[in-house]
Amino acid sequence: MLWRWGCRCLLRVVLVPGPSLPSDSRRLILLNMRRSAAPSQLQGNPFKKPKFISPARSHPSPNEEVAKLNSDIKLFEVAANKNNFLQPQNDPRTCNFNLPTKECAKGINHGDNYREKYCLEASTKTTLDLHHTVHSAPKEITVSKGQEEKPDSLVKYFSVVWCKASKKKHKKWEGDGVLIVKGKSFTLKDLEGKDIGRGTGYKLKELEKIEEGQTMMIGGKEIEVMGIISPDDFNSGRCFQFGGGCSAILSSSQAAKKCFSNPFKSVCKLSSKENKQNSFQSCKPRHDPYAPNSLVMLRPDKNHQWLFNKNCFPVVDVVIDPHLVYYLRPHQKEGITFLYECVMGMRVNGRCGAILADEMGLGKTLQCISLIWTLQCQGPYGGKPIVKKTLIVTPGSLVNNWKKEFQKWLGIERIKIFTVDQDHKVEEFTKSPFYSVLIISYEMLLRSLDQIKNVKFDLLICDEGHRLKNSTIKTTTALISLSCEKRIILTGTPVQNDLQEFFTLIDFVNPGILGSLSAYRKIYEEPIIISRQPSASEEERELGEQRAAELTCLTGLFILRRTQEVINQYLPPKIENVVFCRPGALQIALYRKLLNSQAVRFCLQGLLENTSHLICIGALKKLCNHPCLLFGSIKEKESNSTWDESEERNLYEGLMNVFPADYNPIMFTEEESGKLQVLSKLLAVIRELRPAEKVVLVSNYTRTLDILQEVCKRHGYAYTRLDGQTPISQRQQIVDGFNSKYSSDFIFLLSSKAGGVGLNLIGGSHLILYDIDWNPATDIQAMSRVWRDGQKHPVHIYRLLTTGTIEEKIYQRQISKQGLSGAVVDLSKTSDHIQFSVEELKNLFTLHESSHCVTHDLLDCECTGENHTGDSLEKLPVSRNCQLGPHQQKSDSLKPLSMSQLKQWRHFPGDHLNLTDPFLERIRENVSFFFQNITNQTTAI
Ligand SMILES: Nc1ncnc2c1ncn2[C@@H]1O[C@H](COP(=O)(O)OP(=O)(O)OP(=O)(O)O)[C@@H](O)[C@H]1O
Ligand SMILES: [Mg+2]
């Protein structure tokens, strides 16, 4: 550690390579070290008393050097540094949810060429050092509003160094800190945001006199004031970033150190081998950068060259293969540019991670394939490829989809892909020089971790990477243990809704960039959460907002999210229907009986154990799907030896008497379930009106899928099925078979939880969600399987709900605020994780027999339910469920509907006279109410 070198006027000599200097030039940098051993004191002192500046930051940028130096060796003291920890080369147009705020823009030092190219807006603002805290602090102490009138509320912030109080003559400062002076009291915080000292009762006159260089005692600690911090820098949290971003800085310093390790070798005086190698490098771009429509990557700026072009290769344009560019959508071109800049460390110095969080179906796979292909063949320095081996980790059902996409876009010759399965082990990949891309499932990765660690991967892509949001799970720790620096997370779900999970994902792609978890909690999470509470004071609200803005700004450099709208124009119309199906007579009788059971009554009195309500909910959901499922469960339980003591006994007591005496679940009928009746009619009308079109039929339960499968058999519909039991090796084959125009399958039976994510089921143009999940994300995932690129037909989506039952309640929960509060981003969350109050349980356990649609009743809609065409969209309030707050108010088209949005949909009762939709017309008999919404409407559908 540098700061251990505490001695007076220590001169540190570093020879720095520079690409643009003559080969015999050597640059000698003397770092003037101060006496004190505190981190902040160990560097040159360009302005007053700077904080600790890591080597990567403390060396001048090559531009500055070139300007200052002639070819002679020259000694100089390190000047003010412009090589920021963050070097946002951010495209304001693509900065996903977080257009830089004024504050953000202030803190950004845009790279020259990038600024020219993209950041027109930002470039008009003053470019400031993000860590200008000390240097640019105003001479006068900044105080909060109202200080003159009320000295008690006066607030000042100072950067300090501190150590425990001691009488020793030669003290060692232990760390940097922030001193907050409020009224007559002091708080001392370390750079992790923790309070480490407090004091009170000081005289106001003393406080006014605090100035740089002053030493004082606070709560058993001695401090020396190093400078003033502006309220802006405190509120944004920037003044802590030496703690927060410290490791990021260190990392770039490490990168820099690499360059420093053998300076002579690096200064364009290449060994003969390297010379030879160099001469073999193609110094021409692989593709013509001037060709019309060419997609050329950003050229590295001088800082980048100085850090990464050790061998002084000529800078060559990196141009995306025109073969790919031909197919790329505009948002995909932007996405590739973004990914390239991230993994090349051009957006955040020395950081090579990215999160591509585009909504489902936007072609994240193609964007990554384009990146891999580019980096595998090209590089900005002498054309030398950046990546040799890439590791792609993905859910099991998508392993072959990735391979297929590679083949779709690049053919089989260009790039050799190895997919791991039962018969193809990682060793095969390791031994063969032939393959450059390894695709493996998360499960297999864990099993083959040791072999994987033996391979040096240059690029790591984690598909559906939101599963890494928990840092303690094995998969995350396994992936963290891989040494690969260039890491990309792909996810279709928003990542910023939960601040803890957000941290884990960020820390995975760019380790340490937000500092330690404890620092992050203190500096960002706590103030942000406090500010969102209704009881928050104005001050807390402002602080939280500013911290959120800063966090957004920091992370927005390497997170990109675009919404579905960007591809809407390429997609056919989508007709979405929520269909409220009347329950059958047997269903109603059983439902009543269940609600009257002792188990439900006890639940409502809070008398049963925590999980009892889940059993009741489960039974009601089964009943809504089909009574025979409930029958089957009871029979199964009865045969179990523990039946007599089980809680279910209280629930199922007397239920068998409601079933007809000769009830046989295998001989179930469609009439017994309202939804099944509707489904059966729906399948028939699709078959009749659109004989060439296919249906994806989704349920969350394998047993329900069995029933649906039986219905297919009875009606003679050809079907295929994918659920949790389907071997991974067969999944892609099943998907391909269904998508093929030659397939005779009419129906694809899909278990949404088992295989919903990432699948392309564009062979189907009708999707029926037979049951509803607590988590809207599960349903959204499923619905996104058919309305995606490549779909040729208008897409019809039907969500079936049983009128007046728990299914409506779950739907309401999905679309109301409550439903959004926790579950929205998390596919793994189930009802087990949802807490219910007794009031909520009462509502869940009520059957509304006389309502056509309880959901409509709740909408507060003036219409009488007669073909209402929806309110004007302008009235729609913008609502967003995001802990990072209002800075990201951009529409998320795939986020669950809100109640008010649902009100915009056309809605009408089943017996409405003028149903224009021929499909709805045919099923209306069993339907009490419809909601319908059409996206991308053309003429006929
Ligand atoms: N530019 C394009 N032109 C035509 N088809 C495309 C294009 N880009 C992507 N596609 C196709 O769109 C479909 C969806 O792409 P992909 O599976 O990569 O989406 P995704 O963003 O990964 O979605 P999810 O989050 O659901 O996994 C694929 O079939 C893909 O081949
Ligand atoms: Mg995908």
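The numbered conditions (1) surrounded by 16 or more Cβ atoms within 10 Å (Cβ to Cβ); (2) more than 15 Å from ligand 1 (Cβ to nearest atom); (3) touching a residue at least 40 places away in the same chain (Cβ under 8 Å); (4) closer than 24 Å to Thr491 by Cα are all true for Tyr701 except (4). Any residue at all in the stretch 555-566 that is farther than 21 Å from Thr493 by Cα and part of a loop (DSSP other than H, G, I, E, B)? Looking through the stretch 555-566, none of the residues is farther than 21 Å from Thr493 by Cα and part of a loop (DSSP other than H, G, I, E, B). For the stretch 371-413, a tally of residues being open to solvent by less than 10 Å² (accessible area, probe 1.4 Å), within 16 Å of ligand 1 (Cβ to nearest atom) and assigned to a loop (DSSP other than H, G, I, E, B) returns 1. Filtering the stretch 295-344 to residues that are assigned to a loop (DSSP other than H, G, I, E, B), of a type in the set (D, E, K, R) and within 13 Å of ligand 1 (Cβ to nearest atom) leaves only Arg329.
Considering only residues in the stretch 199-230 that are among the charged types (D, E, K, R) and loosely packed, with under 14 Cβ neighbours inside 10 Å, the one that is nearest to Gly515 (Cα to Cα) turns out to be Glu211.
Assess whether Lys474 counts as being at pLDDT 95 or above and away from ligand 2 (no atom under 16 Å from the Cβ). Here the answer is no, as Lys474 does not meet what is asked. Within the stretch 754-780, being more than 21 Å from Tyr719 (Cβ to Cβ), within 11 Å of ligand 1 (Cβ to nearest atom) and not aliphatic (A, V, I, L, M) holds for one residue alone: Gly758. Being closer than 25 Å to Thr476 by Cβ and not polar (S, T, N, Q) narrows it down to one of Ile392, Ile412, so name that one. None of the others qualify; the one that does is Ile392. Taking the numbered list (1) surrounded by fewer than 19 Cβ atoms within 10 Å (Cβ to Cβ); (2) in a loop (DSSP other than H, G, I, E, B) in turn, Glu192 passes all entries but (1). For the stretch 352-367, the set of residues classified as near ligand 1 (Cβ under 6 Å from one of its atoms) and at negative phi consists of Asp358, Met360, Leu362, Lys364, Thr365, Leu366, listed by residue number. Could you check the stretch 425-440 and list, in sequence order, the residues that are open to solvent by 10 Å² or more (accessible area, probe 1.4 Å) and in a strand (DSSP E or B)? Passing the criteria: none in range.
Among the criteria (1) surrounded by fewer than 20 Cβ atoms within 10 Å (Cβ to Cβ); (2) within 31 Å of the chain's Cα centre (by Cα), the one Ala585 does not fulfil is (2). Among the residues of the stretch 754-774, the ones that are within 16 Å of ligand 2 (Cβ to nearest atom) and either of a type in the set (Ser, Thr, Tyr) or assigned to a loop (DSSP other than H, G, I, E, B) (or both) come to 7 in all. Flag not set for Ala782, criterion: open to solvent by 10 Å² or more (accessible area, probe 1.4 Å), out of contact with any Lys or Arg (no Cβ under 7 Å at 6 or more places or on another chain) and at pLDDT below 90.
Please find, within the stretch 738-753, the residue that is farthest from ligand 1 (Cβ to nearest atom) out of those that are open to solvent by 30 Å² or more (accessible area, probe 1.4 Å) and either outside any loop (DSSP other than H, G, I, E, B) or of a type outside the set (Ser, Thr, Tyr) (or both). Checking each candidate, the answer is Asp745.
Taken together, the residues in the stretch 297-307 that are open to solvent by 40 Å² or more (accessible area, probe 1.4 Å) and closer than 16 Å to Thr374 by Cα amount to 1. Residue count for the stretch 469-512 satisfying the condition of being in contact with a helix residue (DSSP H, G or I) (Cβ under 6 Å, 6 or more places away or on another chain), among the aliphatic types (A, V, I, L, M), in a helix (DSSP H, G or I) and farther than 19 Å from Leu551 by Cβ: 1. Of the residues examined, Lys416 is one that is modelled with pLDDT under 95 and open to solvent by 30 Å² or more (accessible area, probe 1.4 Å). Against the conditions (1) surrounded by fewer than 22 Cβ atoms within 10 Å (Cβ to Cβ); (2) closer than 29 Å to Thr555 by Cα; (3) within 16 Å of ligand 2 (Cβ to nearest atom), Glu359 satisfies every one except (1). Among the residues making up the stretch 469-498, a single one is over 10 Å from the mean Cα position of the chain (by Cα) and either within 16 Å of ligand 1 (Cβ to nearest atom) or on the phi > 0 side of the Ramachandran plot (or both): Ile488.
The values are calculated or read from the model by the stated rules, or taken from the named source; none is laboratory data. Being a predicted model, the structure only gives us computed values, none of them experimental. Don't worry about glycine lacking a Cβ; one is built from the backbone with ideal geometry, like all the others, and counts go over all protein chains shown. Remember, those area values only see protein heavy atoms, side chains included, never the ligands or the DNA or RNA. Shrake-Rupley method; radii C 1.70, N 1.55, O 1.52, S 1.80 Å.
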